[in-house]
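K.L.:
Please read through the structure below; I'll follow up with questions.
What follows draws every value from the coordinates through simple rules; no lab data is involved. Quantities reported herein were computed from a predicted structural model and do not represent experimental measurements. Here the Cβ is made from the backbone with ideal geometry for all residues, glycine too, and neighbour counts use every protein chain on show.
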Amino acid sequence: MTPTLERWTTERSTELYGVREWGAGFFGISQSGELQVTPEPGNFTNAVSIPEIIEGIQERGLDMPVLLRIENILGTQISLLNNSFQSAIDSLNYRGSYLGAYPIKVNQQQQVVEAVTRHGKKYHHGLEAGSKAELIAAMGMLRDPEAVLVCNGYKDEEYIDLGLHATQLGFKCVLVVEMPGELPLIIERSRALGVEPILGVRVKLSAQANGLWAESGGDRSIFGLNAAQIIEAIDTLKAEEMLGSLQLLHYHLGSQIPNIREIRNAVAEAARVYAGLVAEGAGMRYLDLGGGLAVDYDGTQTNFMSSRNYSVDEYSVDVVEGVMTVLDEQNIDHPIIITESGRALVAYYSMLLFNVLDTARFEPETLPETLPEGTSIHIQHLYDTLEALNLRNVQESFNDILYYRDQVRQAFSQGKLSFRERALGDSVFWETIFRIARFAKDMPSLPHELEGITQALSDIYYCNFSVFQSLPDSWAIGQLFPIMPVHRLNETPTREGLLADITCDCDGKIDRFIDSQGVKRTMPLHELKDSEEYYLGAFLVGAYQETLGDLHNLLGDTNIVTVRIRDNGEFVFVGELEGDTVEDILSYVEYDTKALLRRFRKTAETAVQHGQITPIQRRDILQAYKNGLQGYTYFER
Ligand code: PLP
């Protein structure tokens, strides 16, 4: 991006970074060019400046990167979902109700689950567990007997017993049969413990969705029972006189379903199955649609996989209407609709904040006015191509310089060119590429081969975080997250760059960014200023990222800070979790850090004995080693 004489405005930053589109009303830009956040979508009168929060974090002695949670955004999202369903129910005269069940797997951190249960209390928002550990967490966190506790996942005897104990304690705990083999064990354990269970069954629908996680649904999905297996389960329950216990039908089409049509198709099919179960005499009360409610990460409101072509209100109306349409035909009572929405509840409330450590620029070297006498013919060809370049021969010149560049490389490998000549050849090549890129900007349509040229010349911004730890889905499945600077938004971003993390891994980068027209390979950024930090944020990272992250290069959990925004626009720090120390991380990969220190002491002592260091130097080196063990795993200024 070239500097422009036109005055840059914060409105231009708002458009450039698509803040209005992906921010769902939670984010905006202040007159002074700082990114702001508000828990009340669209109301910026009491919004808080993110750079101000960063200042507060640093005053408390915590370094970047930091995962920042805005607690009240979670409350807003829980209200949005529950109120949306309530209005759909009211407006359509639906005779059942709605209950949410937050799937712990989406973000299992205690602070998150605690916040969900606290904010969700007035809606009786429950929890979904997918394993024994999650059930144990849920049983410890949930207090509300009106809320549901849905148990999914593969179940052994211990898992089943825990679920049955939850029922004994008065929880609405539903044991969902995911595999045909689970049912006999559940029946046996219920009898042994003398507990009447609440049973559910997960159906494999034939409806399927597109998207990154689509494989959870469809006939070939891993979990769930097909029609014949469900009939078999009904017959078993009938024979055991337990059909009344079967009260819930569950399905999960996949997460992040971008297209409302697929959601509607699945609801219609599931409602038919529900009706079939009622007809068989099961004690049906709940229809559980699982997850899938998507987040509009790129703000395009389309059926692109990082987006969704519907609002939460539309989702609720379509679900309620879809269920009613089928069941009314057969005069069946309306069930309690459950959704296990996770992503839509927690994505918005976390952002990863990090500083930029350095940049690398590709800039052409200064070329001599004329080539020295006796310059190799290959370099001469490159130089002639550069001199002849104009708007009309861009493509041809591009083809030529690639050819001559290869000739130069070959000649160098065969010993026909000196290293200095090779360097001159490279410089002429890159100068030509730069000039082609300048022409390319003015071309109405870019030839296919030239599409990657801006990316090839873009800057690299080295950032203080690990993609593998903090944005694993960006690396593993190419998920897009909105990323932008959090300040200087009243200044022109004069550079285009991609982001590299500090793992030095060639995959440790972000080079796919949200864009209204698809996916961009670089993003607009500001020039770094001497002695001033430049902060960026990755947004909507509250779902799935925290616990999927790994310890690549032994970079550990980041510091986590939770802030609550008050009605008067002030903010309070309500939670603070220090990230992993080097010692923590080493112990995760089974180092005995005490033994490491003992060995290192000996190494240092041997160095003293050999006269390599003095005893005083040994003391200082040991102190540095111990400090290192206690330190943060990320770059510290
Ligand atoms: N329910 C089940 C059974 C799941 O497997 C998942 C996640 O894949 C969810 C709910 C949460 O889905 P989402 O985050 O799309 O709401």
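K.L.:
Could you list S427, S418, S84, S531 in order of exposure, starting from the residue whose Cβ has the fewest other Cβ atoms within 10 Å?
P.N.:
In order of increasing Cβ crowding within 10 Å: S531, S418, S427, S84.
K.L.:
Add +1 for every Lys or Arg and -1 for every Asp or Glu among the other residues with Cβ under 9 Å from the Cβ of L499, and state the total.
P.N.:
-1
K.L.:
Sequence gap at least 6, Cα distance under 8 Å: using those rules, report the relative contact order of region 115-180 to the nearest whole percent.
P.N.:
Here the relative contact order equals 31 percent.
K.L.:
If you don't mind, there's one more thing I want to ask. Take the Cβ-Cβ distance between T370 and Q414 as r, set R0 to 25 Å, and report the resulting FRET efficiency rounded to the nearest 0.05.
P.N.:
That pair, T370 with Q414, gives E of 0.45.
K.L.:
Scan around L225 for amide H atoms under 5 Å from its own, H built in the peptide plane at 1.01 Å from N, and keep only partners 5 or more places away or cross-chain.
P.N.:
Hits under the 5 Å cutoff: R202, V203, K204.
K.L.:
Follow-up question, since we're still on this one. Could you give the DSSP H helices of the chain that reach 27 angstrom or more along their long axis (alpha carbon positions) and whose average Kyte-Doolittle hydropathy is no lower than -1.0?
P.N.:
Membrane-span-like by this rule: 71-92, 260-279, 394-413, 419-441.
K.L.:
Relative contact order, percent, of region 70-177 when contacts are C-alpha pairs under 8 Å separated by at least 6 residues?
P.N.:
22
K.L.:
Cross-link list K441/K520; K441/K529; K105/K132: which exceed 18 angstrom alpha carbon to alpha carbon?
P.N.:
K441/K529
K.L.:
Now for a separate question. Please list, short to long, the whole-number percent of alpha-carbon pairs of the chain in consecutive 10 angstrom bins beginning at zero.
P.N.:
With 10 Å bins starting at 0, P(r) equals 3, 14, 21, 20, 17, 13, 8, 4, 1, 0.
K.L.:
Under a 5 Å amide H to amide H cut-off, with H placed in plane at 1.01 Å, what residues pair with I29 once short-range neighbours are removed?
P.N.:
Here Q36 satisfy the definition.
K.L.:
Set the Förster radius R0 to 56 Å, insert the Cβ-Cβ distance between E11 and N331 as r into 1/(1 + (r/R0)^6), and round the FRET efficiency to 0.05.
P.N.:
Efficiency computed from Cβ-Cβ geometry: 0.50.
K.L.:
How large is ³J(HN,Hα) for each residue in region 466-477, as worked out from phi by the Karplus curve 6.51 cos²θ - 1.76 cosθ + 1.60 (θ = phi - 60°), to whole Hz, x for Gly and Pro?
P.N.:
Computed from phi, the couplings for region 466-477 are 10, 4, 5, 7, 9, 9, x, 5, 5, 7, 6, 10 Hz.
K.L.:
Can I ask one more? Would you mind calculating the gained length between N627 and L193 on full extension (0.36 nm times residue separation, minus the Cα-Cα distance), in nm to one decimal?
P.N.:
150.8 nm
K.L.:
How about K594: which lysines have a C-alpha closer than 20 Å to its C-alpha, ignoring those fewer than 8 places off in the same chain?
P.N.:
Partners within reach: K602, K626.
K.L.:
Write down Rg/Rh for region 492-542, rounded to two decimals, with Rg from the C-alpha atoms and Rh from the Kirkwood relation over Cα pairs.
P.N.:
When Rh is taken as the Kirkwood radius, the ratio is 0.98.
K.L.:
Note the full-extension length gain between E491 and A607 as 0.36 nm times their separation in residues minus their Cα-Cα distance, in nm to one decimal.
P.N.:
36.4 nm
K.L.:
Another question, then. Given H placed on each backbone N at 1.01 Å, which residues far from F465 in sequence or on other chains put an amide H within less than 5 Å of it?
P.N.:
The list, which skips near neighbours in sequence, is I502.
K.L.:
By how many nm would the segment from R392 to Q110 grow when fully extended, if each residue of separation counts as 0.36 nm and the alpha-carbon distance is taken off?
P.N.:
95.3 nm
K.L.:
Given 4 °C and 1.567 mPa s, how large is the Stokes-Einstein diffusion coefficient of region 227-285 in µm²/s, with Rh as the Kirkwood radius over Cα pairs?
P.N.:
Diffusion coefficient, whole number: 103 µm²/s.
K.L.:
Just want the ordering: S587, S470, from fewest to most Cβ atoms lying within 10 Å of their own Cβ.
P.N.:
S587, S470
K.L.:
Which order results if L345, L225, L528, L135 are arranged by neighbouring Cβ count within 10 Å, fewest first?
P.N.:
L528, L225, L135, L345
K.L.:
Could you tell me the calculated FRET efficiency between L185 and H448, based on Cβ-Cβ distance and R0 = 56 angstrom, to the nearest 0.05?
P.N.:
Calculated value: 0.45.
K.L.:
Quote the relative contact order of the chain in percent (integer), defining contacts as alpha-carbon pairs under 8 Å separated by 6+ residues.
P.N.:
16
K.L.:
Let me ask something else about it. Any idea what the dipole of the chain comes to, in debye rounded to 20, about its Cα centre with Lys/Arg Cβ at +1 and Asp/Glu Cβ at -1?
P.N.:
Dipole of the chain, to the nearest 20 debye: 740 debye.
K.L.:
Would you mind counting up the charge near F635? Only other residues with Cβ under 13 Å from its Cβ, with Lys and Arg at +1 and Asp and Glu at -1.
P.N.:
Charge balance near F635 sits at -4.
K.L.:
Net charge near P482: determine it from the other residues with C-beta under 14 Å of the C-beta of P482, scoring Lys and Arg +1 and Asp and Glu -1.
P.N.:
It works out to a net charge of -3.
K.L.:
Here's something else I'd like to know. What value, in deg cm²/dmol to 500, does the helix sum -39500 (n - 2.57) over DSSP H runs of n ≥ 4 give at 222 nm once divided by the residues of the chain?
P.N.:
-12500 deg cm²/dmol
K.L.:
Looking only at region 421-435, which residues have a backbone nitrogen under 16 Å from a spot 7 Å from the Cα of R361 in the C-beta direction?
P.N.:
Counting backbone N atoms under 16 Å from the label point, the list is 431, 434-435.
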